[in-house]
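Working notes, structure below.
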Amino acid sequence: MPELPEVETVRRGLEKWILGKRIEDVEVFHRRATRSNSLLPLTAIKGARITGLKRRGKFLWFVLDRDFALVGHLGMSGQMLVPKIGTPDESHLRVRIGLAKSSRELRFIDQRTFGWLGIDRLVETSFGDLPESCAHIAPDPFDDDFDMKSAIANIRGRKTEIKRALLNQEIVSGIGNIYADEALWRAKIHPERIANRLSAEEVGSVLRSAKSVMRAALKKGGTSFDDLYINVNGESGYFEISLQAYGCEGEPCSRCGAEIRRISFANRSSHFCPKCQPRGRKITGNRGSNSRKRRG
């Protein structure tokens, strides 16, 4: 699933082409492309002008000159492209949005149909007006509203694994499986260590590492293990070749040479170095059986 660097790459790319444009037409080609509890049909955005493009964690929303917003989530395989009008349609095209006085159009493509677009009312929060669907999402480490001390205290108050806390979007947003593994590797913290047993310094190190690795990924357009994540120009990110833990099972740790391991964790995989990231007691999770090599 695209995480903060991938979604922010898409947001920046879209902003260049659609900011200030008026929405002239909307075509929906698949019923699952629209969020089931969308306030209105997507066609309600016809005639609206796009005045901004914002992100909250993994959510994108188009600020309109209306009292509602167009919100999008890429899900597992969603793509937002801005090709020239007349470019052949993609096989998994779900929504086409025409822009007035533009040679390009906005297309939402989604092979697995876990992503969506929807219209949301704006609700007042302590962080300003936010679309209702992402009002519960916490600020991410790059957000001006992000409070490091509060995030550390929140995590240290949890009787759960540190990785599970990192993936909780109501504590800190934007971090998914890839960058959680990378942040924990950088901070030398085992993913199954219990959050409330970590020191404030250790939790702070993890959060700073998450911000650092996501900043590096953002510079390279994010991480693409396949062609499902691409930017608005159809290009894949290339941070994959810089990954130190995620997807590196069986490879030597670049820091100490020990073999990177993978364990089952919360219905997904978790990658770590057993030497650099000791747990302190026997690992109880089931180790994954299939080796997943990174490309490059």
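Where a number appears in this text, it was derived from the coordinates with a stated rule and is not lab data. Here the structure is a predicted model, which means the values were calculated and not measured. Cβ coordinates were reconstructed from backbone atoms using ideal geometry, including for glycine residues, and neighbour counts include every protein chain displayed.
Couple of notes before you dig in:
- Sum of side-chain charges, R22 neighbourhood, beta-carbon under 14 Å (Lys, Arg +1; Asp, Glu -1): +2
- Counting neighbouring Cβ atoms within 10 Å and putting the fewest first, the residues R56, R279 line up as R279, R56.
- Over all pairs of different C-alpha atoms in the range 113-169, the reciprocal of the mean inverse distance, the Kirkwood hydrodynamic radius, equals 13.4 Å.
- Using a simple spin-label model with pseudo-atoms 7 Å out from Cα toward Cβ, A153 and R112 lie 3.7 nm apart.
- Over the chain, relative contact order from alpha-carbon pairs under 8 Å, at least 6 apart, %: 17 percent
- Among I85, I97, I18: highest mean-square fluctuation, GNM of the chain, C-alpha pairs under 10 Å: I85
- Other residues within the sphere of radius under 13 Å centred on the Cβ of R32, judged by their own Cβ, net out at +3 (K and R +1, D and E -1).
- The chain, helix-only ellipticity at 222 nm - DSSP H runs n ≥ 4, -39,500 (n - 2.57), divided by all residues, nearest 500: -6500 deg cm²/dmol
- Neighbour-count ranking [beta-carbon atoms within 10 angstrom, fewest first] of H92, H190, H271: H92, H190, H271
- Partners for K159 among aspartates and glutamates (Cα-Cα distance below 17 Å; same-chain residues under 8 apart left out): E170, E192, E202
- Fewest-first ranking of L19, L70, using other Cβ atoms within 10 Å as the exposure measure: L19, L70
- Trypsin sites (Lys or Arg not before Pro) within the range 116-174, DSSP loop, no more than 12 other Cβ atoms inside 10 Å: K159
- Highest-MSF residue in the chain out of N177, N196, N37 [GNM, Cα springs under 10 Å]: N37
- DSSP loop GluC sites (Glu not before Pro) with at most 13 other Cβ within 10 Å excluded, longest remaining stretch of the chain: 1-169
- Distance between the range 24-99 and the range 101-126 - C-alpha centres, whole angstrom: 3 Å
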